[in-house]
Amino acid sequence: MESTYEEAVQLRAQGQAGQAITIFAQLLEKDPNNAELLYQMACAHDNLGLEKQAVPYYVAALRNQLDESHRPGALLGLGSTYRTLGQYESAKEILAQGVSEFPNHRELKVFYAMALYNVGEHAEAMKLLLTELADTTKDAGIASFEKAIRFYADKLDHIWDE
């Protein structure tokens with residue numbers, strides 16, 4: 001089974017997600033609660049733009065105690081998929097969970113900011129993105145304004161009178 005699983009993962013990584021799905025489906029017939037298989041199946045569906053079909057696999061993978069190496073990706077995948085399907089509150093909830101569980105995974109924060117934008121929490125979304133930008137930029141121009149970017153990140157609506 002292991003070589004077949006690895007083959008399917010490699011196929012997905014090489015852009016052959018349809019073939020990978022066939023293999024993952026066969027493996028899931030034998031082991032339907034395997035969290036890693038469920039996660040890989042979700043990713044393969046996402047790779048093909050089949051977001052609605054990916055959701056139940058993400059949910060099942062997380063429910064079946066997906067290990068820490070794949071859990072951040074599953075939370076991001078599920079949250080992002082909910083967002084693209086217009087299920088913004090669900091996206092916000094899942095991505096917030098991801099940020100809470102894995103605060104050092106900056107990609108979760110960026111996708112969470114997108115969900116915040118979608119639910120109308122624009123100020124919080126901008127604050128999060130500006131902070132991530134200040135934390136991660138290698139651009140000299142942006143870095144030279146890091147202090148100002150951090151200062152204004154949560155004051156975007158403030159008006160200073162003379």
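The values are calculated or read from the model by the stated rules, or taken from the named source; none is laboratory data. Everything numeric in this text was worked out from a predicted model, so none of it was measured. Note that we place each Cβ from the backbone using ideal geometry, even for glycine, and neighbour counts take in every protein chain shown. What goes into the accessible areas is simple: the full protein's heavy atoms, side chains included, and nothing from ligands, DNA or RNA. Shrake-Rupley method; radii C 1.70, N 1.55, O 1.52, S 1.80 Å.
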Considering every residue within the range 66-81, establish whether at least one is part of a helix (DSSP H, G or I) and without any contact (Cβ under 8 Å) to a residue 24 or more places away in the chain.
-> no
Cβ pairs under 8 Å, 6+ apart or interchain, first in the range 95-108 and within 19 Å of residue 133 (Cα to Cα) and in contact (Cβ under 8 Å) with a residue 12 or more places away in the chain, second acidic (Asp, Glu) and open to solvent by 30 Å² or more (accessible area, probe 1.4 Å), ordered by first then second residue, are 106/135
Residue satisfying all of: in the range 28-65; open to solvent by less than 60 Å² (accessible area, probe 1.4 Å) and either in contact with a strand residue (DSSP E or B) (Cβ under 7 Å, 6 or more places away or on another chain) or polar (S, T, N, Q) (or both); nearest to residue 94 (Cα to Cα) among these = 64
Residue in the range 45-65 that is farthest from the chain's Cα centre (by Cα), counting only those that are assigned to a helix (DSSP H, G or I) and hydrophobic (A, V, I, L, M, F, W, C) | 60
Starting from the range 7-24, take each residue that is within 18 Å of residue 38 (Cβ to Cβ) and among the β-branched types (Val, Ile, Thr) and list its partners that are open to solvent by 70 Å² or more (accessible area, probe 1.4 Å) and in a helix (DSSP H, G or I), counting only C-beta distances under 7 angstrom and pairs at least six apart or across chains.
-> 23/7
Only one of (1) under 20 Å from residue 24 (Cβ atoms); (2) open to solvent by 40 Å² or more (accessible area, probe 1.4 Å) does not apply to residue 68, and that is (1)
May I ask you to list pairs of residues, at least six apart or on different chains, whose Cβ atoms are under 8 Å apart, with the first in the range 135-155 being touching a residue at least 24 places away in the same chain (Cβ under 8 Å) and the second being open to solvent by 50 Å² or more (accessible area, probe 1.4 Å)?
-> 135/106; 136/106; 153/126; 153/127; 154/123; 154/127
